[in-house]
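*Asks:* Below is the structure I would like to discuss, written out as structure tokens.
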Amino acid sequence: MGKIKYIHRDTEGSIKLDKGYIGTDSAGKHMEYILTEENGKLILTPSIHSLSRLYIEPTSACNLNCVTCIRRTWNETPGFMEMSTFNALVSQLKEFPSLESIMFGGFGEPMHHPEIFNMIVILKSLDLKVEMTTNGTMLNKDSFEKLFSSGLDTLWVSIDSTETSTFNAIREGADFGGIHDSLKLFKRMNQESDRKMTLGIAFVATKDNVNELSKLRSFAASVWAEKISVSNVIPYDREMESKMLCRKVLFKPLAYTKDEEERIGFKEIIIPEISLPRIDYNETTKVALHDIRGSMMKVKLLNETFKSYDDHCRFIHDRISFIRWDGMVSPCMGLLHSYTTFLNGNERRMNEYTLGSIIEKPLKEIWDSSEYREFRESVYEFEFSPCVLCGGCKDINSNEADCRTDNSPVCGGCLWAQGVIQCP
């Protein structure tokens, strides 16, 4: 992908290349667009500098002690968003005509916040799509009635197994039977409700539960779930690293200069693209299809375009920002808090990166700041060292710098950007 080019319409409707905020589209939502070239085609998309989706972390506290959770290695004191902070944020959202949706999520359990239903009601009054992710332990008839009446559009529930023993072992403090019963109740209430709510299943896959993936379709149907989001586990400790299902990260052509190759000791690796027609999945074909999928080739089906899930930050491309429970603004989930991860045997400190507090200055001022804008452009172009593959120098120990730059934070070691981790 080349450098970002911006385009806008002037007051007379003429298209001009610029980096300025001058024109607007017919809907009045976007002041700026990005013009890119892909496979010989020019593609016009809303600018990464127009906010589309906002994640709000109501709390970093949780009522469970899951074996896959950051809390096993975390020493940060949990906190809850004050309503004064939330109300300040709400009053600032009118400055973003491009904003379409809100997701209540983060590193805690949103339903643990005593004002969560009121928060949903307030945001729905702004005509925004509102979603929430939950561990499901606080779902019951009363909470479902409140969620329906609040206007919540989509509810994501974390289900890491459809077997009671496996689920309860992974999600310590939860009971699969109780959550399953609650979701079956949700199905009945959703069928009877005049206003339907979308249900999604969020599944964190490890070596312990990978065989459960094939059961997700029938489980989703049993509770009327329309969406399933699967992610690898984040390796917060060495045990979780050993249970990851994706260890072969970033084996691809490396964007190094010859001098860098000689200094670092890497050679270019060619990974081909493969285009497949429609092929039935059965006993005859499954081995071949599995081998293709595991080869790390870029795969596309007939009439689809090739998709690459490396060096691609969904949070930047999808124009997302995060508000932490204390009002601090962060660009992504991976930089919302500080924590430690393990990959390829290397311990890496991920230091939080925040750009200001909505309590001290408006979100619009923070979003439009030169620092935040330059960060979005840097991550969009993604000219970082591929630290998830390398790990051969002192810089692997943190996200403060890499062998190409010391402009903190560096994102070459981010598992979200390599398609290994994803959030609903």
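*Asks:* From (1) closer than 20 Å to Asp181 by Cβ; (2) in contact (Cβ under 8 Å) with a residue 60 or more places away in the chain; (3) surrounded by fewer than 19 Cβ atoms within 10 Å (Cβ to Cβ), pick out the condition that doesn't hold for Thr154.
*Replies:* (1)
*Asks:* Please enumerate the residues belonging to the range 161-178 that are closer than 20 Å to Ser214 by Cβ and of a type in the set (A, V, I, L, M, F, W, C).
*Replies:* Once the filter is applied, which keeps residues that are closer than 20 Å to Ser214 by Cβ and of a type in the set (A, V, I, L, M, F, W, C), the range 161-178 yields Phe167, Ala169, Ile170, Phe176.
*Asks:* Here's another thing I want to ask about it. If you take the residues in the range 314-355 that are surrounded by fewer than 19 Cβ atoms within 10 Å (Cβ to Cβ) and small (Gly, Ala, Ser), which one is nearest to Val90 (Cα to Cα)?
*Replies:* The residue in question is Ser338.
*Asks:* Let me ask something else about it. Which residue is farthest from Arg72 (Cα to Cα), if the candidates are limited to the range 200-244 and must be open to solvent by less than 70 Å² (accessible area, probe 1.4 Å) and of a type in the set (Ser, Thr, Tyr)?
*Replies:* For the range 200-244, the residue satisfying everything is Ser222.
*Asks:* (1) touching a helix residue (DSSP H, G or I) at 6+ places or on another chain (Cβ under 8 Å); (2) open to solvent by less than 60 Å² (accessible area, probe 1.4 Å); (3) assigned to a loop (DSSP other than H, G, I, E, B): which one isn't true of Tyr380, the others all being true?
*Replies:* Going through the list (1) touching a helix residue (DSSP H, G or I) at 6+ places or on another chain (Cβ under 8 Å); (2) open to solvent by less than 60 Å² (accessible area, probe 1.4 Å); (3) assigned to a loop (DSSP other than H, G, I, E, B), Tyr380 breaks only (3).
*Asks:* So in the range 190-199, with the set limited to residues that are assigned to a helix (DSSP H, G or I) and open to solvent by 30 Å² or more (accessible area, probe 1.4 Å), which one is farthest from Ile70 (Cα to Cα)?
*Replies:* Here the answer is Glu192.
*Asks:* Now, a different point. Counting only residues that are open to solvent by less than 10 Å² (accessible area, probe 1.4 Å), touching an Asp or Glu at 6+ places or on another chain (Cβ under 6 Å) and in contact (Cβ under 8 Å) with a residue 60 or more places away in the chain, how many does the range 157-189 have?
*Replies:* 0
*Asks:* Just to verify a result, which residue in the range 106-119, among those that are open to solvent by 10 Å² or more (accessible area, probe 1.4 Å) and not in a loop (DSSP other than H, G, I, E, B), is farthest from Gly200 (Cα to Cα)?
*Replies:* Here the residue is Asn118.
*Asks:* Identify the residue in the range 24-53 that is farther than 28 Å from Glu82 by Cβ, open to solvent by less than 30 Å² (accessible area, probe 1.4 Å) and assigned to a strand (DSSP E or B) and, among all such residues, is modelled with the highest pLDDT.
*Replies:* Ile34
Results for (1) assigned to a loop (DSSP other than H, G, I, E, B); (2) touching a strand residue (DSSP E or B) at 6+ places or on another chain (Cβ under 7 Å); (3) surrounded by 20 or more Cβ atoms within 10 Å (Cβ to Cβ), shown as yes or no for each residue.
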| site | (1), (2), (3) |
| --- | --- |
| Tyr55 | no, yes, yes |
| Ala61 | yes, yes, no |
| Thr68 | yes, yes, yes |
| Thr77 | yes, no, no |
| Asn87 | no, no, no |
| Ser91 | no, no, no |
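*Asks:* Considering only the range 249-260, I want to know if a residue exists there that is open to solvent by 30 Å² or more (accessible area, probe 1.4 Å) and at pLDDT 90 or above.
*Replies:* no
*Asks:* Continuing with this model, one more query. Does Glu82 count as buried (at least 19 other Cβ atoms within 10 Å of the Cβ), modelled with pLDDT of 95 or more and closer than 23 Å to Ser338 by Cβ?
*Replies:* So Glu82 does not fit the description; no.
*Asks:* Can you name every residue in the range 363-375 that is in a helix (DSSP H, G or I) and open to solvent by 10 Å² or more (accessible area, probe 1.4 Å)?
*Replies:* Scanning the range 363-375 gives Lys364, Glu365, Ser370, Glu371, Arg373, Glu374, Phe375.
*Asks:* Determine whether Met103 is in contact (Cβ under 8 Å) with a residue 40 or more places away in the chain, aliphatic (A, V, I, L, M), open to solvent by 50 Å² or more (accessible area, probe 1.4 Å) and under 29 Å from Ser193 (Cβ atoms).
*Replies:* Answer is no for this residue.
Yes/no matrix, rows are residues, columns are (1) part of a loop (DSSP other than H, G, I, E, B); (2) more than 15 Å from the chain's Cα centre (by Cα); (3) over 25 Å from Met83 (Cβ atoms); (4) modelled with pLDDT under 85:
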| residue | (1), (2), (3), (4) |
| --- | --- |
| Tyr281 | yes, yes, yes, yes |
| Phe306 | yes, yes, yes, yes |
| Asp310 | yes, no, yes, yes |
| Phe322 | no, no, no, no |
| Glu347 | no, yes, yes, no |
| Thr354 | yes, yes, no, no |
| Lys361 | yes, yes, no, no |
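*Asks:* Still on this structure, please answer the following. Consider Thr134 carefully, then state whether it is under 25 Å from the mean Cα position of the chain (by Cα), open to solvent by less than 50 Å² (accessible area, probe 1.4 Å) and at pLDDT below 95.
*Replies:* For Thr134, the condition - under 25 Å from the mean Cα position of the chain (by Cα), open to solvent by less than 50 Å² (accessible area, probe 1.4 Å) and at pLDDT below 95 - is not met.
*Asks:* Only residues that are among the polar types (S, T, N, Q) and either under 28 Å from Ala88 (Cβ atoms) or assigned to a helix (DSSP H, G or I) (or both): list them for the range 383-407, please.
*Replies:* Within the range 383-407, just Asn397 meets the criteria.
*Asks:* Applying the selection to the range 284-304, what residues are surrounded by 10 or more Cβ atoms within 10 Å (Cβ to Cβ), modelled with pLDDT of 80 or more and of a type in the set (A, V, I, L, M, F, W, C)?
*Replies:* Ala288
*Asks:* So the check is Cβ under 6 Å with 6+ separation or different chains; which pairs have a first residue in the range 112-137 that's within 20 Å of Ile159 (Cβ to Cβ) and a second one that's open to solvent by less than 10 Å² (accessible area, probe 1.4 Å) and among the polar types (S, T, N, Q)?
*Replies:* Pairs that qualify, where the first residue is within 20 Å of Ile159 (Cβ to Cβ) and the partner is open to solvent by less than 10 Å² (accessible area, probe 1.4 Å) and among the polar types (S, T, N, Q), are His112/Thr59; Glu131/Thr154.
The values are calculated or read from the model by the stated rules, or taken from the named source; none is laboratory data. Fair warning: this is a prediction, and the values are worked out from it, not measured in the lab. Don't worry about glycine lacking a Cβ; one is built from the backbone with ideal geometry, like all the others, and counts go over all protein chains shown. Only protein heavy atoms, including side chains, enter the accessible area calculation; ligands, DNA and RNA are left aside. Shrake-Rupley method; radii C 1.70, N 1.55, O 1.52, S 1.80 Å.
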